[in-house]
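> Attaching a single structure in structure tokens format; questions to follow.
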Amino acid sequence: MPPILINDHAFADGPSFHKPTSRLLLVKQTRSLRDTISILKVWKQFSTGGRIAETVQLGVSARLVNRNDADAIKVAESCVIRGILRAEFKGTIEIDAFVYIGDGSLLSAANKICVGEGTLIAHNVQIFDNDTHPTDAAQRVADFKKKLGIRPEIKIEISNAPVSIGKRCWIGMNSIVMKGVSIGDDTIVASGSVVVSDLPSNVVAAGNPAKPIKALDSQTR
């Protein structure tokens with residue numbers, strides 16, 4: 001299958017590719033040995049690290065990090081993934097069909113992140129269901145030491161809570177969605193917003209913290 005040519009779309013860096021069936025065909029599509037090697041590595045990472053539908057397309061900059069078994073990350077049909085999916089220990093990510101995840105975006109799950117069908121996530125969006133670091137200062141230092149290979153002397157606890165993004169949402173560029181948040185169907189999050197509490201369906205939300213600023217006309221589905 002040919003790549004989707006979206007290199008001129010919203011800061012997308014190059015096209016996205018179906019799962020390669022032939023290295024020679026991929027060389028012809030990319031016209032670059034370096035890009036061919038990169039997309040082969042990306043697809044191997046996704047194929048071995050998650051449950052990825054056959055019709056998914058990946059950008060060269062896409063990444064998958066999964067600290068669990070492959071069932072922890074599921075991507076349904078006809079999605080385009082150009083960002084990073086990261087499942088920490090016990091974390092899961094479920095992405096429904098026809099979802100777009102833009103360049104530089106990161107989904108980090110230590111609990112559970114769900115993204116509904118038809119949702120568009122622009123570039124440089126950060127979605128975290130966890131605090132990434134302990135809020136207790138001593139634990140935070142111990143956690144950093146652990147990353148350096150030093151055995152922690154105290155228990156480390158990092159707060160987390162599931163994130164749910166509904167169907168047909170649009171999360172604007174450079175937005176942040178934090179732990180425990182639920183966003184209703186059809187809602188638009190304006191660029192640069194910080195979502196720290198639930199948002200209803202059919203609204204435009206903006207600001208830090210993000211709040212509904214406009215109601216959208218609901219349509220019969």
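> Quick one: check the C-alpha center-to-center distance for the range 71-111 versus the range 168-182, whole angstrom.
The range 71-111 and the range 168-182 have Cα centres separated by 13 Å.
> Okay, next question. Would you please give the residues with an amide H less than 5 Å from that of Leu216, counting only those at least 5 places away or on a separate chain, with H modeled from the backbone geometry?
Close amide H contacts, sequence-distant or interchain: Val203, Val204.
> For the chain, what is the relative contact order in percent, using Cα pairs closer than 8 Å and at least 6 residues apart in sequence?
11 percent
> Let me have the relative contact order for the range 100-221, percent, based on Cα pairs under 8 Å that are six or more residues apart. Show your work: numbers first, answer last.
Numbers: 324 pairs, mean separation 25.1, N = 122.
Rounded, it is 21 percent for the range 100-221.
> Continuing with the same structure: Can you sort Thr135, Thr119 by 1.4 Å-probe accessible area, starting with the largest? Before the final figure, lay out the partial values.
Details: Thr135 120, Thr119 0 Å².
So, going from the largest accessible area down, we get Thr135, Thr119.
> Using packing as a proxy for protection, rank 205-214, 120-129 so that the peptide with the highest average count of other Cβ atoms within 10 Å comes first. Working shown, then result.
Numbers: 205-214: 15.7, 120-129: 22.2.
My ranking of the peptides, most packed first, is 120-129, 205-214.
> Same structure again: Which whole-number percentage describes the relative contact order of the range 111-157, with Cα contacts under 8 Å and a sequence gap of 6 or more?
Taking the mean separation of contacting Cα pairs over the length of the range 111-157, I get 28 percent.
> Could you give the length gained by full extension between Leu33 and Lys211, i.e. 0.36 nm per residue of separation minus their alpha carbon distance, to one decimal place? Intermediate results must be reported in sequence, preceding the final value.
Numbers: separation 178, 0.36 × 178 = 64.08 nm, distance 4.67 nm.
Once the chain is fully extended between Leu33 and Lys211, it gains 59.4 nm.
> Mind putting a number on the dipole of the range 1-110 about its Cα centre? Charges go on the C-beta only, +1 for Lys and Arg and -1 for Asp and Glu, and I need it in Debye to the nearest 20.
Working: 14 positive and 11 negative charges, 96 e Å.
Value, rounded to 20: 460 debye.
> Could you please state how large a percent of the accessible area of the chain is carbon and sulfur, counting protein chains only and using a 1.4 Å probe?
Percent of accessible area from carbon and sulfur atoms in the chain: 54.
> A further question on this structure: Over the Cα atoms of the range 66-221, what is the Rg over Rh ratio if Rh follows Kirkwood?
On the way: Rg = 16.4 Å, Rh = 16.1 Å.
Rg divided by Rh gives 1.02.
> Scan around Ala109 for amide H atoms under 5 Å from its own, H built in the peptide plane at 1.01 Å from N, and keep only partners 5 or more places away or cross-chain.
So Ala109 has HN proximity to Arg86, Ala87, Glu88.
> Then there's this: Heavy-atom accessible area per residue, the chain, 1.4 Å probe: how many Å²?
In whole numbers, the chain has 53 Å² accessible per residue.
> Okay, moving on. Under the Karplus relation 6.51 cos²θ - 1.76 cosθ + 1.60, θ = phi - 60°, what is the ordered set of whole-Hz ³J(HN,Hα) values for the range 19-32, x standing for Gly and Pro?
4, x, 9, 8, 5, 5, 4, 5, 4, 5, 6, 7, 6, 8
> Can you return the lysines within cross-link range of Lys179? Criterion is Cα-Cα under 17 Å, with same-chain partners fewer than 8 residues away left out.
Lys179 reaches Lys90, Lys112, Lys211.
> Determine the percent antiparallel among the DSSP beta bridges restricted to the range 58-188, to the nearest 5. Each step should come with its number before you reach the end.
Working: 1 of 34 bridges.
Counting DSSP beta bridges with both partners in the range 58-188, the antiparallel share is about 5 percent.
> Rounded to the nearest 500, what is the chain's calculated 222 nm mean residue ellipticity when only DSSP H runs of at least 4 contribute -39500 (n - 2.57) each, over all residues?
Mean residue ellipticity at 222 nm (helix-derived): -5000 deg cm²/dmol.
The values are calculated or read from the model by the stated rules, or taken from the named source; none is laboratory data. Fair warning: this is a prediction, and the values are worked out from it, not measured in the lab. For neighbour counting, all protein chains shown are included, and Cβ atoms are generated from backbone atoms with ideal geometry for every residue, glycine included. When the accessible area is computed, the model is the full protein with side chains, heavy atoms only, and any ligands, DNA or RNA have been set aside. Shrake-Rupley method; radii C 1.70, N 1.55, O 1.52, S 1.80 Å.
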